[in-house]
1. Do any residues in region B:296-309 that are among the basic types (K, R) have Cβ atoms under 6 Å from those of residues that are assigned to a loop (DSSP other than H, G, I, E, B) and open to solvent by 70 Å² or more (accessible area, probe 1.4 Å), where the two are at least six apart or on different chains, and which pairs are they?
2. Can you report the number of residues in region B:151-175 which are open to solvent by 30 Å² or more (accessible area, probe 1.4 Å), within 16 Å of the ligand (Cβ to nearest atom) and of a type outside the set (D, E)?
3. Would a scan of region B:207-224 turn up a residue that is part of a helix (DSSP H, G or I) and either touching a Pro at 6+ places or on another chain (Cβ under 6 Å) or not small (G, A, S) (or both)?
4. Determine the pairs where a residue that is away from every other protein chain (no Cβ under 14 Å) and assigned to a helix (DSSP H, G or I), located within region B:168-184, has a partner that is within 11 Å of the ligand (Cβ to nearest atom) and modelled with pLDDT of 95 or more with Cβ atoms under 6 Å apart, the partner being 6 or more residues away or on another chain.
5. Look at A:V28 and say whether it is in contact with a Cys (Cβ under 9 Å, 6 or more places away or on another chain), open to solvent by less than 70 Å² (accessible area, probe 1.4 Å), within 13 Å of B:V343 (Cβ to Cβ) and in a helix (DSSP H, G or I).
6. Which one is modelled with the lowest pLDDT among residues in region B:357-391 that are among the hydrophobic types (A, V, I, L, M, F, W, C), open to solvent by less than 90 Å² (accessible area, probe 1.4 Å) and not in a helix (DSSP H, G or I)?
7. Is it the case that region B:184-206 has a residue that's within 11 Å of the ligand (Cβ to nearest atom), touching a Gly at 6+ places or on another chain (Cβ under 8 Å) and within 23 Å of B:M408 (Cβ to Cβ)?
8. May I ask you to list the residues in region B:224-249 that are in contact (Cβ under 8 Å) with a residue 60 or more places away in the chain and within 16 Å of B:G421 (Cα to Cα)?
Amino acid sequence: MKDIIIPGRRIARELWVLAGCFAAAVCVNVYAILRFHTAWKELITTLHITLAVAAVFYAVLALVRALVFGLMRVFRGKVA
Amino acid sequence: MDSEFSPLASPAPQGRAQRREFLKRLAVVASSSALLADLPWWTPLRAEPVGNSPADRVRLGLIGAGTRGSFLLANLLQTPGVEIAALCDDYPPHLEAALAKVKGARGFSDHRQMLDMPDLDGVLIAVPLFLHAPICLDAFAAGKHVFCEKSLAYSIAECQAIADAHRGSGKVFQIGHQRMFSPVFLRALQLVRDGRIGPITQMRAYWHRNGNWRNPVPASGPDPSPFPSLERRLNWRLYLDYSRGLMTELASHHIQVANWFLDAHPVSCAGYGSINYWKDGREVYDNVNVVYRYANGTQVVYDSLISNRFYGMEVQIMGPEGTIEAETGKIFSENPPPAPGIVQLINGIEHGFFSAVPIGGPSWVPELKKDTKGSYLVQDQSTDDGTAISMAAFANSIRANKPIPGMMEQACRSGVSVLMGHNAMEQQQEIAWPEGFRE
Ligand SMILES: NC(=O)c1ccc[n+]([C@@H]2O[C@H](COP(=O)([O-])OP(=O)(O)OC[C@H]3O[C@@H](n4cnc5c(N)ncnc54)[C@H](O)[C@@H]3O)[C@@H](O)[C@H]2O)c1
């Protein structure tokens, strides 16, 4: 079986994307706390929900990126 | 989840050693909580742990070794310091099956002979309802301590006769309403007295099953006498000569809880019953609906049927601040703390996406049942229903020779209430609490 090699740069990029998604999820949580006048401790007590939201963001972003990447390949092929 | 109600820790007893440990822990609970310590029937559980000396041993006899009797026997065999010295049943297959479970116990077919045993401390009575009073009275006359299965008796006059015989006898009397010893119900009572649901404004209880409520009857068998047939012996609860049907056999448990939580007996009741499904020759109603009225203006609404089990059984204790569903073992706040902001946001988005926008629909929101999860009253859901603890309490009371105060009052209140309900349905009129009844 062929080994798949993921370059370190790629891993670092994905980790940054993931961190960005987490930061976005925390922002959503802050917005929800302000919007519904709930307690700030929810930033900690609902961490599991924040992580789940971050995972959803990451998955949606991965789909968008795959779509963009695919379209770009199609266009590049046509130009060549 | 409403997190403001902390559940009571409760262990589940299994082996004999664990049972001993369980009772010790209960004794600690009983004495550490002001309210539980107040409950008279917990006093025997606070007694010294049982030793191994013969003086610590309580010698008991069981009268009636049918379904319930067998369950009591299984519990007694696990109770420290109890010796099952005698078993009595006038139906040979049941007596033989029970004797096979207890080494060295003497067998009887007539309870009077068993009551003649001088070294027998007490008896447990688990016979059909119409025999409760005659056997209780014989047992008191023989100077024995008595545990009688619910419901107290077949008629109000018999309830009075048992109470009168017990008064001044100095003997222990206990009734088979195990919810009085259930950690779940005790926790519920504690929360009610702490004002967690506000004053009780209504109670609702129901017991729904879907089945004919019959025991299988063999084509031939031992002589059924004194019953006229094996059918009547084995299915006594379906015939009015022996039972009052759903009221005495099922409702008595929940009506006892109602009287206990409201700390009163009903002043009157009204209701209807009929046989609308199981038209198979039975004489007792297969569906009953009774409303009990209490002096403080509270009503208890009870119904039972055996042709639909969707709602199962429940006792709902309602007040302006919350609801307790004691059979499920949960408490629900009327104003539960709001869900976390992020959950509210997600729910809002979900509803925005997936709910249809009503056009020209009703302008009111239907007041459907609240969908709050509530919180459990005790941590361990596999806990004893109270039977095991009640057996230990009975044995401990006998050992200490101290009757449990308030027990006969509980037995009379529930026993009389369900008979009032039966009479109300039979006579189709409001029935008042019997004037001059002495608990
Ligand atoms: N506390 C509870 O949760 C609970 C549950 C079930 C039954 N019960 C009560 O227990 C009692 C018995 O009910 P069950 O379901 O075990 O009925 P059952 O018919 O299974 O058992 C009754 C037993 O009593 C015996 N018996 C009848 N006449 C007798 C006599 N004169 N002397 C000795 N034995 C006699 C019968 O042969 C039978 O073995 C009833 O009062 C019932 O209401 C209480």
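The values are calculated or read from the model by the stated rules, or taken from the named source; none is laboratory data. All figures in this text were calculated on a predicted structure; none of them were measured in a lab. When we count neighbours, we look across all protein chains shown, and the Cβ atoms used for this are built from the backbone with ideal geometry, even at glycine. Please note that ligands, DNA and RNA were not included when accessible areas were found on the heavy atoms of the full protein model with its side chains. Shrake-Rupley method; radii C 1.70, N 1.55, O 1.52, S 1.80 Å.
1. B:R309/B:R209
2. Selection size over region B:151-175: 2.
3. Among the residues of region B:207-224, not one is part of a helix (DSSP H, G or I) and either touching a Pro at 6+ places or on another chain (Cβ under 6 Å) or not small (G, A, S) (or both), which makes the answer no.
4. Close Cβ pairs (under 6 Å, with a partner that is within 11 Å of the ligand (Cβ to nearest atom) and modelled with pLDDT of 95 or more) do not exist here.
5. Spelling it out, it is not the case that A:V28 is in contact with a Cys (Cβ under 9 Å, 6 or more places away or on another chain), open to solvent by less than 70 Å² (accessible area, probe 1.4 Å), within 13 Å of B:V343 (Cβ to Cβ) and in a helix (DSSP H, G or I).
6. Step one: filter region B:357-391 for residues among the hydrophobic types (A, V, I, L, M, F, W, C), giving B:357, B:359, B:364-365, B:368, B:377-378, B:388-389, B:391.
When the remaining residues are screened for being open to solvent by less than 90 Å² (accessible area, probe 1.4 Å), the result is B:377-378, B:388-389, B:391.
Among the residues that remain, those that are also not in a helix (DSSP H, G or I) are: B:377-378.
Working: B:L377: 92, B:V378: 87.
Here the residue is B:V378.
7. First, the residues of region B:184-206 that are within 11 Å of the ligand (Cβ to nearest atom): none.
The answer is no, given that none of the residues of region B:184-206 is within 11 Å of the ligand (Cβ to nearest atom), touching a Gly at 6+ places or on another chain (Cβ under 8 Å) and within 23 Å of B:M408 (Cβ to Cβ).
8. B:S243, B:R244, B:G245, B:L246, B:M247, B:T248, B:E249
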